[in-house]
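The values are calculated or read from the model by the stated rules, or taken from the named source; none is laboratory data. In this text the structure is predicted, and so the values were computed from the model without any measurement. Cβ placement follows ideal geometry from the backbone for every residue including glycine, while neighbour counts extend to all protein chains displayed. Note: areas computed on protein heavy atoms with side chains; ligands, DNA, RNA excluded. Shrake-Rupley method; radii C 1.70, N 1.55, O 1.52, S 1.80 Å.
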Amino acid sequence: METKDVLKQLRKHSLLSQSDFAEEVGVSFSTVNRWENGRTIPNFKTLKRIKEYCERNNIEFEIDSILKEEKL
């Protein structure tokens, strides 16, 4: 699964809008929109914040698979 799909699925699983998810992980709405449209990917620091969000909410999220796919 592509990073854009993983992030969109994660957000939808959390029942959050793009704006709400952006606020949770400390980025702008437009950044989340670009991720989900495949125009950009989160940097390592942001991936760590997404992972922390997932841990707080008992959601499985594997950074390793994204890092491997994107070769960050």
Sum of -39500 (n - 2.57) over DSSP H runs of 4+, divided by residues of the chain (222 nm, nearest 500): -19500 deg cm²/dmol
In order through segment 47-62: 3J(HN,Hα) via Karplus (6.51 cos²θ - 1.76 cosθ + 1.60), integer Hz, x for Gly, Pro: 4, 5, 5, 5, 4, 4, 4, 5, 5, 5, 10, 6, 10, 6, 8, 9
Long-range lysine pairs (8 or more apart or interchain), the chain, Cα under 18 Å: 15
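So what is the diffusion coefficient of the chain in µm² per second by Stokes-Einstein at 20 °C and 1.002 mPa s, using a Kirkwood Rh over Cα pairs?
Result for D is 179 µm²/s.
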Accessible area in square angstrom per residue, segment 2-72, 1.4 angstrom probe: 64 Å²
Asn37 versus Glu55: modelled label distance in nm, points set 7 Å from Cα along the beta carbon direction: 3.3 nm
